[in-house]
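First comes the structure, then the notes that go with it.
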Amino acid sequence: MAEHDHEHEDELDEEESETREREIRRQIALSQVRQYGDAVLRMRANEVEAFDDELVRLAERMLQLMHDADGIGLAATQLGILRRVFVFHDEGQDRVLVNPSVTETRGEPETSDEGCLSLGPVRVPVERSVDVTIEGKDLSGEPVVLQLAGISARAVQHELDHLDGRLIIDRTDADSRRQALALLRPRLVLAPG
């Protein structure tokens, strides 16, 4: 019986260790993501002209950071890089889009809460199309056309906003924006006198 208990404790220790390691990786990844207040988040990214090894390395780094940070998308501007490229997770598959643009929206827009790796704990309601066609290029410069629905459609619109210098707080209602800004403002801490 004692041996069985010992094995169970080892499993718990291993699980706890994996959870701790995942959280450390998440914090390290988030430390590389630009946060609200950084001017680069308000800048429009430049078109990508060179489809080279540097672009491939950037995309690989972005995908790794997105996964480590537990995100579903990440734009180059969130890393301080003003290039029109973003990554996202689409139904079990990682995707990279270069020089993207939404070419068609279908159906009635829906409002749903969104978060952002650059906005910490903030979640605000944002209205977006739930069915879109997005076009761009892959890492070798070949054309890509994707028809996306649901969370994937929402994610690409969110990342495209980043490439244009827009944030979710720009797309929400006034009350939600006020509450979000209150969370994002640095708190004044007074030392006891």
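The values are calculated or read from the model by the stated rules, or taken from the named source; none is laboratory data. The shown structure was predicted, so the numbers you read here are calculated from the model rather than taken from an experiment. Cβ placement follows ideal geometry from the backbone for every residue including glycine, while neighbour counts extend to all protein chains displayed. Protein only, heavy atoms only, side chains kept; ligands, DNA and RNA dropped before computing areas. Shrake-Rupley method; radii C 1.70, N 1.55, O 1.52, S 1.80 Å.
Rounded, prolate or oblate, given the Cα gyration tensor of the stretch 103-166, with a/c below 1.5 counting as rounded?
Oblate, since a/c reaches 1.5 and b/c is not below a/b.
Any idea what angle helix 2-31 forms with the longest principal axis of the chain, computed on alpha-carbon atoms, 0 to 90 degrees, nearest 10?
Relative to the chain, helix 2-31 is tipped by roughly 30 degrees.
Taking the Cβ of G71 as the centre, find all other residues whose Cβ is under 12 Å away and add up their charges (Lys, Arg: +1; Asp, Glu: -1).
Local charge sum for G71: -4.
If you line up the long axis of helix 53-68 against the longest principal axis of the chain, both from Cα atoms, how many degrees apart are they, to the nearest 10?
Helix 53-68 sits at roughly 50 degrees to that axis.
Compute the normalised compactness of the chain: alpha-carbon radius of gyration over 2.2 N^0.38 Å, N being the residue count.
In units of the 2.2 N^0.38 Å rule of thumb, it is 1.21.
Cut-off 12 Å, label point 7 angstrom out along Cα-to-Cβ of E47: give me the residues of the stretch 65-91 whose amide nitrogen falls inside.
Taking a point 7 Å out along Cα→Cβ of E47, the residues of the stretch 65-91 whose backbone N falls under 12 Å are 84.
When a/c is below 1.5 the answer is rounded, else prolate if a/b is larger than b/c, else oblate, so apply that to the stretch 50-95 with a ≥ b ≥ c taken from the square roots of the Cα gyration tensor eigenvalues.
It is prolate, given that a/c is not under 1.5 and a/b is the larger ratio.
With axes computed from alpha carbons, what is the tilt in degrees of helix 174-184 against the longest principal axis of the chain, rounded to the nearest 10 within 0 to 90?
Approximately 50 degrees, to the nearest ten.
Compute the relative contact order of the chain as a whole-number percentage, counting only Cα pairs closer than 8 Å that sit 6 or more residues apart in sequence.
21
Carbon-plus-sulfur fraction of the accessible area of the chain, 1.4 Å probe, in percent?
48
Can you list the residues, at least 5 places off or on another chain, whose amide H is less than 5 Å from the amide H of V144, using H built in the peptide plane?
G136, K137, D138
Using a Gaussian network model of the chain with C-alpha springs under 10 Å, which one of D70, D94, D52 is most mobile by mean-square fluctuation?
Answer for the Gaussian network model of the chain: D52.
With the other protein chains left in place, how much accessible area per residue, in square angstrom, belongs to the stretch 1-139 at a 1.4 angstrom probe?
Each residue of the stretch 1-139 exposes 59 Å² on average to a 1.4 Å probe.
Please get the size of the charge dipole for the chain, origin at its Cα centre, with Cβ charges of +1 on Lys and Arg and -1 on Asp and Glu, quoted in debye to the nearest 20.
That gives a dipole near 1720 debye.
Starting from the Cα of I81, step 7 Å toward the Cβ, then list every residue of the stretch 131-166 with an amide N under 20 Å from that point.
136-144, 156-166
Which net charge results for the neighbourhood of R25, defined as the other residues with beta-carbon distances under 13 angstrom from its beta-carbon, given Lys and Arg at +1 and Asp and Glu at -1?
-2
Which percent of the Cα-Cα distances in the stretch 79-193 go past 26 Å?
27
Using a basic spin-label model with each label point 7 Å from the Cα along Cα→Cβ, how many nm lie between T105 and Q147?
So the two model labels end up 1.9 nm from each other.
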